[in-house]
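Step one of this worksheet: look at the structure below.
The values are calculated or read from the model by the stated rules, or taken from the named source; none is laboratory data. A quick note: this is a predicted structure, and the numbers were derived from the prediction, not measured. Glycine gets a Cβ as well: all are built from the backbone with ideal geometry, and neighbour counts include every protein chain shown.
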Amino acid sequence: MRSDKMKPLQQMTLKTRRVRKGQSVVEFALGSLLVAMLLAGAVDLGRAFYTYVVVLNMSGEAATILAFYPDNDITEDTHGGGRPPGTPDNATFQRRAQQVAARSLGMIIDPAHVSDAAVVVDVDKRHRCLGAPFSVSATYTMDDLFLPALLGFNQISIGGVSGSRFTTAGSTTSSVFCP
């Protein structure tokens, strides 16, 4: 008689266990999705920070080269006061910045995306005088991040600025020292 009363109770317990197993699977799926999104965000944030450090190094390298060689500018032609004849293209401050990007393992920074327009100086060639301050800015556009793409951001621009002073005068300046 006692065994007859236990059967409905056992059936109810089995039904409750099945419902709880389904609930656990749903909770695990939602929780693992949240953890995966957090992990993707952390990886993207790490890649963006690394890219910022590389872009800052690019602008620093370009500023160092430009301080010593103010005429080595790829945006100037080789006629009429541009780069001195015979200056290799990789001696310009823009190409040196691209070389910094190329040395960054190539997995995060794609050197092909660092164009000449992405590395610019704020001083015109005529004002590159001994001791004159200048700053070089470098920008890089990341377009392969997972989480921003999911949120609708196709590109994120990362920039860095480094400053210095010219240690030599450019060949197109009217005097060695600017007024």
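Rundown of residues vs (1) of a type in the set (A, V, I, L, M, F, W, C); (2) in contact with a strand residue (DSSP E or B) (Cβ under 7 Å, 6 or more places away or on another chain); (3) modelled with pLDDT under 85; (4) buried (at least 19 other Cβ atoms within 10 Å of the Cβ), yes/no style:
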site: 131; (1), (2), (3), (4): no, yes, no, no
site: 137; (1), (2), (3), (4): no, yes, no, yes
site: 145; (1), (2), (3), (4): yes, yes, yes, yes
site: 153; (1), (2), (3), (4): yes, no, yes, no
site: 171; (1), (2), (3), (4): no, no, yes, no
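Residue 44 falls short on exactly one of the conditions (1) surrounded by 11 or more Cβ atoms within 10 Å (Cβ to Cβ); (2) at pLDDT 90 or above, and that condition is (2).
Of all residues in the range 156-168, those that are more than 30 Å from residue 44 (Cα to Cα) and surrounded by 18 or more Cβ atoms within 10 Å (Cβ to Cβ) have Cβ atoms under 9 Å from Cβ atoms of residues that are at pLDDT below 90 and of a type in the set (Phe, Trp, Tyr), 6 or more apart or on another chain, in 166/68. Only residues that are touching a helix residue (DSSP H, G or I) at 6+ places or on another chain (Cβ under 7 Å) and among the aliphatic types (A, V, I, L, M) were counted across the range 114-145, and they come to 7.
Could you identify the single residue in 62, 97, 101, 67 that is part of a helix (DSSP H, G or I), in contact with a Pro (Cβ under 6 Å, 6 or more places away or on another chain) and at pLDDT 60 or above? Quick ask: steps written out before the conclusion?
Details: 62 fails: in contact with a Pro (Cβ under 6 Å, 6 or more places away or on another chain); 97 fails: in contact with a Pro (Cβ under 6 Å, 6 or more places away or on another chain); 67 fails: in contact with a Pro (Cβ under 6 Å, 6 or more places away or on another chain).
So the residue among 62, 97, 101, 67 that is part of a helix (DSSP H, G or I), in contact with a Pro (Cβ under 6 Å, 6 or more places away or on another chain) and at pLDDT 60 or above is 101.
One residue is enough: does the range 76-84 have a residue meeting the conditions at pLDDT below 85 and within 17 Å of residue 136 (Cα to Cα)? Steps first, please.
Kept after step one, since they are at pLDDT below 85, are these residues of the range 76-84: 76-84.
If we keep only those that are within 17 Å of residue 136 (Cα to Cα) as well, we get 76.
Yes, there is a match, as at least one residue in the range 76-84 is at pLDDT below 85 and within 17 Å of residue 136 (Cα to Cα).
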